[in-house]
1. Quick check: the distance between the Cα centres of segment 205-229 and segment 162-185, to the nearest angstrom?
2. Can you list the residues, at least 5 places off or on another chain, whose amide H is less than 5 Å from the amide H of MET193, using H built in the peptide plane?
3. Per-residue HN-Hα couplings for segment 15-28, Karplus 6.51 cos²θ - 1.76 cosθ + 1.60 at θ = phi - 60°, whole Hz, x for Gly and Pro?
4. Report the extension gain between GLN187 and ALA100 in nm, rounded to one decimal, defined as 0.36 nm multiplied by the number of residues separating them, less their alpha carbon distance.
5. Report, please, the projected area of segment 173-240 averaged over directions, based on the convex hull of its C-alpha atoms, in nm².
6. Counting each DSSP H run of 4 or more residues in the chain as -39500 (n - 2.57), what helix-only mean residue ellipticity at 222 nm follows after dividing by all residues, to the nearest 500 deg cm²/dmol?
7. If a cysteine in the chain has no other Cys Cβ under 4.7 Å from its own Cβ, put it on the list, ordered by number.
8. Report the charge-dipole magnitude of segment 20-171 in Debye, nearest 20, computed about the Cα centre from +1 at each Lys and Arg Cβ and -1 at each Asp and Glu Cβ.
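Please treat every number below as a calculation from the coordinates, not as lab data. Computed from a predicted model, the values in this text were never measured in an experiment. Every residue, glycine as well, gets a Cβ built from its backbone with ideal geometry; the counts of neighbours run over all protein chains shown.
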Amino acid sequence: MSVAVAAGTLRTLHRMHQQLSDLAEQLVAGPRVVTARTKQVQVADAKKASAQEDIKKAKMAADQKQLQLKSAEAKILDLNAKLNACKTNREYQTLRDQIAADKMATKVLEDEIIEALERIDGLKPAVPAAEAEIDAAKKLLAAAQAKVQAETGRLEVELTRIKGDLQLTEKDLTDDVREKYDRVVKQKGADGMAAVDGDSCGGCFQQLTGNMVSDLMLGRVIACRSCGRLLYLLNSSPSA
């Protein structure tokens with residue numbers, strides 16, 4: 001195999017492996033985006049549910065305060081009725097003091113009810129905001145799903161085509177080179193080959209020895225002693 005053929009074949013194989021790696025990444029990247037968009041919808045749904053639960057709890061607290069207020073007001077009415085039936089000054093004064101204390105308690109409850117209602121009003125905007133976030137997230141999810149559906153078929157066709165071309169090109173390798181190639185591709189995949197960059201490995205940038213560069217110029221297939229990648233020259237002149 002001439003220098004040009006050896007270098008050219010490895011160069012072509014390296015490019016094909018890189019294309020296959022890129023296509024494989026694109027095939028999994030789309031579903032990853034769909035998964036991320038789905039998660040965004042779920043998070044927005046959770047925000048809405050949390051906002052609704054906060055409002056529900058606030059309303060329950062306000063309702064409880066209102067029940068307490070009604071009970072306190074009924075108690076005051078009852079005490080006022082008893083006040084008119086008092087037979088002694090001491091009993092009268094005791095009831096008056098109790099009524100005063102209960103009225104003070106109802107005033108506190110009224111203030112707390114107002115605060116509870118204001119809290120409810122403050123919580124309400126969170127629901128439509130969450131709904132808007134859900135709508136936006138669902139639109140992004142639908143767009144991602146549509147893109148994946150449109151792209152998957154094309155990517156799979158391209159993947160099949162390049163795999164076929166790869167198998168045909170691999171037949172150009174001699175048996176001894178094919179053994180090295182199969183081993184390094186099994187271990188490193190698309191990263192199993194590298195072009196020589198000046199006098200260094202284009203993968204790990206380890207400097208090559210003069211003998212290694214000479215071997216490459218003679219058309220021999222060698223591996224980087226540092227990273228194990230099969231090396232090829234980007235430009236070679238044909239020689240027998």
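1. Each part's Cα centre sits 19 Å from the other's.
2. LEU230
3. For segment 15-28, the Karplus curve yields 4, 5, 5, 5, 5, 4, 5, 5, 5, 4, 5, 5, 5, 8 Hz.
4. 22.5 nm is the gain from fully extending GLN187 to ALA100.
5. Average of the hull's projected areas for segment 173-240 equals 4.5 nm².
6. That comes out to -28000 deg cm²/dmol.
7. CYS86, each lacking another Cys Cβ under 4.7 Å.
8. The dipole of segment 20-171 has a size of about 380 debye.
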